[in-house]
Every structure is written in structure tokens, then in C-alpha cells.
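To start, the structure under review is shown below, and the notes come after it.
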Amino acid sequence: MPWWKKLVLAAGLIVGTARVVWVIDGDTVILADRTHIRLIGINTPEKGECYSHQATALTTSLLFTKGVTLEKDLNPFDRYGRTLAYVFLPHDQKSVNEKLLEKGAGVFFLDSVNVKYQKQLMAAAETARLKPVGLWKECGPCVVKGNYDIHGHRYYHLPSFRHYNQVVMNLPKGDRWFCSEAAAQKAGFTRARE
């Protein structure tokens, strides 16, 4: 990426329009200038996981060869050097990030720094989960509760646990829904006491 574009991105400005030339997976695309864009607030299944093919196909249908507008937030890059952005199609008030969550292509991914559209993204993900649509329908039931305790430890709770119904999900604090015990473990959550 040219140095001047990194400077513009770091300043938190809207970059303007760019063309998507490749879709890596449901939440990562490549622009014509070879910039890798990671969509903020959504985590789609990785290759080989349930619904990964459908999530990638949905992102492809929305973005491939299209001109898009990128909107930055406070943190410009992820730990892999990808540009973090909200992606908008021309003349559209709703981000592609939000549209993908509404369709159940992925789960809400808490970013504690990039929060500009966090409420909309959480609401879209919760609506998809409750309907259920997308991965919530195809990979479910997605009823494993991933929960942070007051000390910041991550535990998951299964419906068979006696305190399952008392566990309150707080997505703004990082709690997550999972479709399997294995997915919760992979995300770093430990089995809670039954």
C-alpha cells in the first residue's frame, strides 16, 4: 500500500471509492491496489467450518468487482496488517458489514476500539440469531453461551448446565454465542462448572 494511503487511513478519513478484485473469505477482501480489507465487527466461519462456503459466496455476490467506499474507525489495522473498515456500496446507508450479519453470514465480533457502528452490528447479529437465518439456522442450534466473568476469564455454558438460564449474554462486553462446544474452545473459552 502506498505510504500516502496509509497516512490517510491512519487519519481516520473516508478513503473514497475502490474496486474489490478478490474475496478471500466472508470477512476479508482485496482491492485493486492490493490492499487487504478486513470488515469490522463481523467474524465469518473459516474455510472448512460450517457455513464458510456460503458466507464467502454471499460476500462475493455483494462485493466482487464492485466499487465500494471504505470508512475507517479509530484503529486502522489488525494484527495481520489488514486495513480495518466498514464497507459501503454506492448510495447505500447500510454497511456491507451489517448486511452480512443480518443474513447470518457470521457472528458479531467485538472490537473494543472501533465502535462507531457497534450497536447496529450487534442488533443485526442478534436479529439473525433469533430468526434464525444463515449459520444460525444451518449450523445450529447455536446455544452455547460464551461468557466473560468479572475477572475477565472466558467460560462457556451448555444448555444442560444448571445455571445456564441465569447466564446473561452481554455482547458489548465480549460475550459470544457458539454453535458448538468445539467452537467455544477454539475461541479460547473454558468449560464452566456444571
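The values are calculated or read from the model by the stated rules, or taken from the named source; none is laboratory data. Quantities reported herein were computed from a predicted structural model and do not represent experimental measurements. FYI the Cβ positions are ideal-geometry reconstructions off the backbone, even for glycines, and counts take in every protein chain you see. Ligands, DNA and RNA are stripped out before the accessible areas are found, and what is left, the full protein with its side chains, is counted by its heavy atoms. Shrake-Rupley method; radii C 1.70, N 1.55, O 1.52, S 1.80 Å.
Here is a check on your reading of the model: is Leu74 part of a strand (DSSP E or B), more than 15 Å from the chain's Cα centre (by Cα) and under 20 Å from Leu110 (Cα atoms)? Give the derivation first.
Working: part of a strand (DSSP E or B): no; more than 15 Å from the chain's Cα centre (by Cα): yes; under 20 Å from Leu110 (Cα atoms): yes.
Judged against the criteria, Leu74 is not a match.
Which ones in region 182-194 are at pLDDT 95 or above, open to solvent by 30 Å² or more (accessible area, probe 1.4 Å) and within 22 Å of the chain's Cα centre (by Cα)?
Gln185, Gly188, Thr190
Name the residues in region 33-43 that are touching a strand residue (DSSP E or B) at 6+ places or on another chain (Cβ under 6 Å) and in a loop (DSSP other than H, G, I, E, B), would you?
Within region 33-43, Thr35, Ile40 qualify.
Going by the structure shown, is Thr28 surrounded by fewer than 20 Cβ atoms within 10 Å (Cβ to Cβ) and over 25 Å from Lys116 (Cα atoms)?
The answer is no for Thr28.
Among the numbered criteria (1) of a type outside the set (Gly, Ala, Ser); (2) over 19 Å from Arg34 (Cα atoms); (3) in a loop (DSSP other than H, G, I, E, B); (4) open to solvent by 50 Å² or more (accessible area, probe 1.4 Å), which one does His53 miss?
(3)
Just to be sure I understand, how many residues within region 147-182 are within 24 Å of Gln54 (Cα to Cα) and either touching a Phe, Trp or Tyr at 6+ places or on another chain (Cβ under 7 Å) or acidic (Asp, Glu) (or both)?
2
Please pick out the residue among Lys116, Lys173 that is surrounded by fewer than 21 Cβ atoms within 10 Å (Cβ to Cβ) and either β-branched (Val, Ile, Thr) or within 28 Å of Thr60 (Cα to Cα) (or both).
One residue alone meets the criteria, Lys116.
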